[in-house]
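Worksheet: the structure to be examined is printed underneath.
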Amino acid sequence: MAKIDIPKAPMRSGTSYPAPFDGPCRERRRWRLGDAAGLTQFGVNLLRLPPDTWSSQRHWHEGEDEFVYVLQGEVVLVTDAGEEVLVAGDCAGFVAGEANGHHVQNRSDHEAVLLEVGTRLPLGDAAHYSDIDLDLPRAGHGFTHRDGRPY
């Protein structure tokens, strides 16, 4: 594959979370570099977080590993163990199936840029959101309340 032209890579801004859970993630932007390269076994995203923006709601995946690497700026990694600051050059990983809700928040005054890498399961993956009444039974099938009612 040739060099990826990042500005031409598929980009998604905002979030598909139902209100009110969408608020902290509305300004995030992801360039899907893995899609641009035609990758099928794992995904790679370039994530840009303006100040006061979160990568996601705090969550964990049943079947997909996740890895983040901070390229620029400073973020706060929030997990079940607490909070820690990550700066450019720091990274973190999350093993599939471990119920350790996680996300990053940009609490700084400057944009943060991260690289995200994760497994791609052919039939999608289930995700669970630690702090809110939200589940994703399988990617592409819509969010539900924890009791299974759809949003």
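Would you say residue 125 is within 17 Å of residue 25 (Cβ to Cβ), in a loop (DSSP other than H, G, I, E, B) and over 13 Å from the mean Cα position of the chain (by Cα)?
No, not satisfied.
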Can you tell me which residue among 62, 27 is surrounded by fewer than 17 Cβ atoms within 10 Å (Cβ to Cβ) and either within 16 Å of the chain's Cα centre (by Cα) or of a type in the set (S, T, N, Q) (or both)?
62
Consider the stretch 1-42. How many of its residues are under 16 Å from residue 53 (Cβ atoms) and either touching a residue at least 12 places away in the same chain (Cβ under 8 Å) or not in a loop (DSSP other than H, G, I, E, B) (or both)?
17
Output the qualifying pairs, or none if there are none: Cβ atoms under 9 angstrom, residues six or more apart or on different chains, first residue in the stretch 108-127 and without any contact (Cβ under 8 Å) to a residue 60 or more places away in the chain, second residue among the β-branched types (Val, Ile, Thr) and part of a loop (DSSP other than H, G, I, E, B).
122/40
Which number in (1) in a strand (DSSP E or B); (2) surrounded by 15 or more Cβ atoms within 10 Å (Cβ to Cβ) marks the one condition that residue 56 misses?
(1)
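Every number here is computed from the coordinates shown, using simple stated rules; none is lab data. None of these values were measured; they are calculated from a predicted model. For neighbour counting, all protein chains shown are included, and Cβ atoms are generated from backbone atoms with ideal geometry for every residue, glycine included.
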